[in-house]
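A short reminder: the numbers here are calculations on the coordinates, not readings from a lab. Because the structure is predicted, anything quoted here is derived from the model rather than measured. All Cβ positions, even for glycine, are placed from backbone atoms using ideal geometry, and neighbour counts span all protein chains on display.
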Amino acid sequence: MSRTVLLVGTRKGLFMLESDADRQNWSMRGAYCEGWPVYHAVYDQDSGAIYAAAASEWHGSSIWRSPDLGETWTQSSEGLAYEDGRRMSKVSSLSAAHGRVLVGVEAPGIFESRDDGATWSAYSMLEGQPGSEGWDDPSNQPPGHLGISAITSDEKDPKHVWAIVQGLSLFETTDDGKSWTPRNRGLRADWPREHEEVGFCVHKFVRSRADEQRMYQQNHVGMHRSDDAGATWTEITEGLPTEFGFAAAAHPHDRDTFHVIPLDPGHGRTMPDGQAAVWRTKDAGSSWERLANGLPQENAYLGVLRHGMSGDTYDTPGYYFGTSTGQVFASADDGESWSEIASYLPAISSVEVAIVD
Amino acid sequence: MADVHLPTTLMPLFAGLPRRLDLEAATVDDAIGRLDAKWPGLRDRLCDPSGGHIRMHIHVYVDRERAGLDTPLEPRSRVDVIAAISGG
């Protein structure tokens, strides 16, 4: 029977929650990575290894690797540095595919490893992209700035990669990082922008597994959908309680079904009115429904960050999200009902799910 | 031989790394280099790889005086590498 494994990156190390295909009973183990803040952890389906991007205030950034679901760990940052003296404050985002691991860092840049995380080299710094002249400016780097906040590798084409530069743009490369194209047309921005093609605050980018042309994104100002692989975007915020949020997950088998967690847009950035809810569309954003069965409905000021939600690929898909106050909630019935499967973890940065045969 | 004391936060990262050890080294940088040769990657945990200096929250003392990478070591120097007390 398949094992369902959640990788939960927290402010104080990586934790793992494990169940079977039924996803009813969960066991937890950790903390791994010696309590370093883990910004993102992923499972490499090809090699079966776990990679965790962690950055210690004392010992710097490193990528941790476990080849055996957490039994043993190594870490390396060999080559993970800017040669021109730019400061690397953290490693923010990971993508493992095609025998390669990509890591997004702050200040913005992407490094790669082709030897199972033993050594790293520059993949792309996105040089010359509009807006790049200002993204090392400290005034553009608020506390917690992630730099490259997300990387998505195409499942079929190893040269095709998407990356988000936090607060600026979604970029696409089809030539393995040699050139990039901003993919923001149709997005809304409620602030002045210096460049026509960039200046958009893309929080979360999700591709549908059921249709490569279908994409969703949670933006700083609104939800958006693309039907042409990111060439153009259409806003689909209407019907949601707020336009702001970070976390999102697409249905693995239905291109029109998509989940998002709206948050209050001020500095609090918690679920509206202290009532926890996931919102779902089944019609590509024409309408939204509130899913709250099993979620706390009083005094629940929960925040969920951009890597904090994930979905599995079972026939009846499950969804998972982790909060900034250390709870993990799970649904094994396509979001219809939820249960709290961890209650007292450190602040959660990321939740990724793996199905291990 | 310098008497080198390392922070406990390093022990889990490098198999067999002791809390204290004797090292023949001319400077702090030399001592860290010798540690890195035996435990590859250790330099990156103590020094900023892009700046060539000791990390902000790592403090090194030689004979109880705050030191930098170029601080010389005497044959009987005591070297304390401290993970600064900060955070929560």
Subset of the stretch A:17-52 (residues that are more than 14 Å from chain B (Cβ to nearest Cβ), of a type in the set (A, V, I, L, M), touching a Ser or Thr at 6+ places or on another chain (Cβ under 9 Å) and within 17 Å of A:TYR344 (Cα to Cα)): A:LEU17, A:VAL38
Selection status of A:ALA300, assigned to a loop (DSSP other than H, G, I, E, B), in contact (Cβ under 8 Å) with a residue 12 or more places away in the chain, in contact with a helix residue (DSSP H, G or I) (Cβ under 8 Å, 6 or more places away or on another chain) and of a type in the set (Gly, Ala, Ser): yes
Scope the stretch A:67-82; condition in a loop (DSSP other than H, G, I, E, B), within 7 Å of another protein chain (Cβ to nearest Cβ) and either in contact with a Phe, Trp or Tyr (Cβ under 8 Å, 6 or more places away or on another chain) or over 24 Å from A:HIS145 (Cβ atoms) (or both); matching residues: A:SER77, A:GLU78
Which numbered condition A:ASP115 misses (of (1) free of Cβ contacts under 8 Å to residues at least 60 places away in the same chain; (2) within 29 Å of B:ALA83 (Cβ to Cβ)): (2)
Condition met for A:TRP64 (aromatic (Phe, Trp, Tyr), farther than 19 Å from A:PRO158 by Cα, part of a strand (DSSP E or B) and within 14 Å of chain B (Cβ to nearest Cβ)): yes
Any hit, the stretch B:61-68, residues being exposed (fewer than 15 other Cβ atoms within 10 Å of the Cβ), within 14 Å of chain A (Cβ to nearest Cβ) and free of Cβ contacts under 8 Å to residues at least 12 places away in the same chain: no
Failed criterion for B:HIS57 (all others in (1) touching a residue at least 40 places away in the same chain (Cβ under 8 Å); (2) within 10 Å of chain A (Cβ to nearest Cβ) hold): (1)
Matching residues in the stretch A:115-135 - criterion: being of a type in the set (Asp, Glu) and assigned to a loop (DSSP other than H, G, I, E, B): A:ASP115, A:ASP116, A:GLU127
Flag if A:GLU106 is within 21 Å of A:ASP136 (Cα to Cα) and away from chain B (no Cβ under 11 Å): yes
Residue tally, condition without any contact (Cβ under 8 Å) to a residue 40 or more places away in the chain and either within 16 Å of A:ILE151 (Cβ to Cβ) or at the interface with chain B (Cβ under 7 Å from one of its Cβ atoms) (or both), over the stretch A:83-100: 3
Residue in the stretch B:21-35 that is among the hydrophobic types (A, V, I, L, M, F, W, C), assigned to a loop (DSSP other than H, G, I, E, B) and within 14 Å of chain A (Cβ to nearest Cβ) present: no
Any hit, the stretch B:79-88, residues being farther than 25 Å from A:ARG87 by Cβ and either in a strand (DSSP E or B) or in contact (Cβ under 8 Å) with a residue 12 or more places away in the chain (or both): yes
Residue among B:PRO18, B:PRO40, B:PRO12 that is at the interface with another protein chain (Cβ under 10 Å from one of its Cβ atoms) and either at positive phi or assigned to a loop (DSSP other than H, G, I, E, B) (or both): B:PRO40
Residue in the stretch A:137-160 that is in contact (Cβ under 8 Å) with a residue 24 or more places away in the chain, more than 26 Å from A:PHE15 (Cβ to Cβ) and within 14 Å of chain B (Cβ to nearest Cβ) present: no
Residues satisfying the stated conditions in the stretch A:160-200, i.e. among the aromatic types (Phe, Trp, Tyr) and closer than 23 Å to A:ALA96 by Cβ: A:TRP162, A:PHE171, A:TRP180
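I need the full set of residues from the stretch A:71-110 which are among the hydroxyl-bearing types (Ser, Thr, Tyr) and surrounded by fewer than 19 Cβ atoms within 10 Å (Cβ to Cβ), in order please.
Within the stretch A:71-110, A:THR72, A:THR74, A:TYR82, A:SER89 qualify.
Which fully enclosed strands (runs of 3 or more DSSP E) of the stretch A:197-280 have 2 or more residues being of a type in the set (Lys, Arg)? First the steps, then the outcome.
On the way: elements: A:202-207, A:215-219, A:222-226, A:244-250, A:258-263.
Output list reads A:202-207.
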One residue from A:ALA53, A:ALA31 being assigned to a strand (DSSP E or B) and surrounded by 24 or more Cβ atoms within 10 Å (Cβ to Cβ): A:ALA53
